[in-house]
Amino acid sequence: MPWHIQILLLLYPLVLAAYLYIGWRLVRIQKQLWQTPTRKAFRRVLIPGLGLNLFPLFIISWFFWSKSPLFVVSARLHWQDFLLLFPFWWGLITVIEALPYFLVIDAVTWLAVYFGSERNRTNR
């Protein structure tokens, strides 16, 4: 297996955690802003999320069941690049760019709840 695929699969649990966090936030946003039912909001986030994560799942299945070379090591573009590889990287870049904003929003919210609670006001 090529080294860049090994690195990708090694880091994939962290990427998956970031995807799950962003997905959880997007479901909460839909519920708060548009009063979307939980099941519908979950489906709206889950289906694109699965589509964006097909590439690592494909690589794992390819590693176990295929003896042919992986399309990623080819110099030509194939249909798999457009269906699996490019959406994965677009989604990864989007999640990495959105992650700091969501983390800051949650940190400010948690600090506001902690320092703004009634319990802390009475103890001062």
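The values are calculated or read from the model by the stated rules, or taken from the named source; none is laboratory data. Since we're looking at a predicted model, the values are computed, not measured. No Cβ is skipped: glycine too gets one built from the backbone with ideal geometry, and neighbour counts run over all protein chains shown.
Give the residues of the range 17-58 that are outside any helix (DSSP H, G or I) and either under 12 Å from the mean Cα position of the chain (by Cα) or among the small types (Gly, Ala, Ser) (or both), sorted by residue number.
53
I'm checking my understanding of the structure. Among residues of the range 80-119 that are farther than 23 Å from residue 24 by Cα and free of Cβ contacts under 8 Å to residues at least 12 places away in the same chain, which one is surrounded by the most Cβ atoms within 10 Å (Cβ to Cβ)?
81
So, in the range 55-77, of the ones that are within 15 Å of residue 8 (Cα to Cα), at pLDDT 75 or above and not polar (S, T, N, Q), which residue ends up surrounded by the most Cβ atoms within 10 Å (Cβ to Cβ)?
If we take residues in the range 55-77 being within 15 Å of residue 8 (Cα to Cα), at pLDDT 75 or above and not polar (S, T, N, Q), then 55 is surrounded by the most Cβ atoms within 10 Å (Cβ to Cβ).
Take residue 22 and decide whether it is loosely packed, with under 14 Cβ neighbours inside 10 Å and modelled with pLDDT of 90 or more.
In short, no.
I'm trying to understand the selection: among the residues of the range 83-118, which are touching a helix residue (DSSP H, G or I) at 6+ places or on another chain (Cβ under 9 Å) and acidic (Asp, Glu)?
Within the range 83-118, just 106 meets the criteria.
Please go through the range 7-16 and give me each residue that is surrounded by fewer than 17 Cβ atoms within 10 Å (Cβ to Cβ), under 14 Å from residue 57 (Cα atoms) and more than 9 Å from the chain's Cα centre (by Cα), ordered by number.
9, 10, 11, 13
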